[in-house]
Amino acid sequence: MINYDRSAWNPMPVPLVSIGVVTFLVLFSRERRTLWLFLATVFAGFSLHLHPNALFLVAFYALFILLFVPRSVISNLKRLLLITGVFLFFLLP
């Protein structure tokens, strides 16, 4: 007999993506390279496709951006648009 699961998502990749987001945010806080912030954005955007509970991870990411990212990165319009565009790209169906 085949049992059907009521969950539509497989939550197994979520810890791997969460580790990726946290790792890239830590690397960004140490080295201040935009590449690490870009990769953290990719993983945070991708996490919402894996499981709806990843919204907490995205909230953590946004809180980190507001508290720890220097204002020079946020005020740079090109970087801000790139990060926002990448995040929105990964939200596309």
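The values are calculated or read from the model by the stated rules, or taken from the named source; none is laboratory data. These figures come from a predicted structure and were not determined experimentally. We place every Cβ from the backbone using ideal geometry, glycine too, and count neighbours over all the protein chains shown. To get the accessible areas, we keep the full protein, side chains included, count just its heavy atoms, and leave off ligands, DNA and RNA. Shrake-Rupley method; radii C 1.70, N 1.55, O 1.52, S 1.80 Å.
With charges set only on the Cβ (+1 for Lys and Arg, -1 for Asp and Glu), what does the dipole of the chain come to about its Cα centre, in debye to the nearest 20?
That gives the chain a dipole magnitude of about 380 debye.
How much of the accessible area of the chain, probe 1.4 Å, is carbon plus sulfur, in whole percent?
72
What distance in nm lies between label points placed 7 Å from Cα along the C-beta direction at Leu67 and Met12?
Distance between label points: 3.3 nm.
Please report, largest first and rounded to whole Å, the three semi-axes of the ellipsoid equivalent to the chain, where each semi-axis is the square root of five times an eigenvalue of the C-alpha gyration tensor.
29, 13, 10
From the gyration tensor of the Cα coordinates in the range 33-77, what semi-axes in whole Å does the equivalent ellipsoid have, largest first, with each one equal to sqrt(5λ)?
21, 12, 7
Can you tell me the length gained on complete extension of the stretch Val22 to Leu55, counting 0.36 nm per residue apart and subtracting the Cα distance?
10.4 nm
Given the DSSP H assignment, sum -39500 (n - 2.57) over each helix run of at least 4 residues in the chain and divide by its residue total; what's the result at 222 nm in deg cm²/dmol, nearest 500?
The helix-only estimate for the chain comes to -23500 deg cm²/dmol at 222 nm.
Where does each of Thr41, Thr34 land when they are ordered by accessible area, with a 1.4 Å probe and the largest first?
Largest accessible area first, the residues go Thr34, Thr41.
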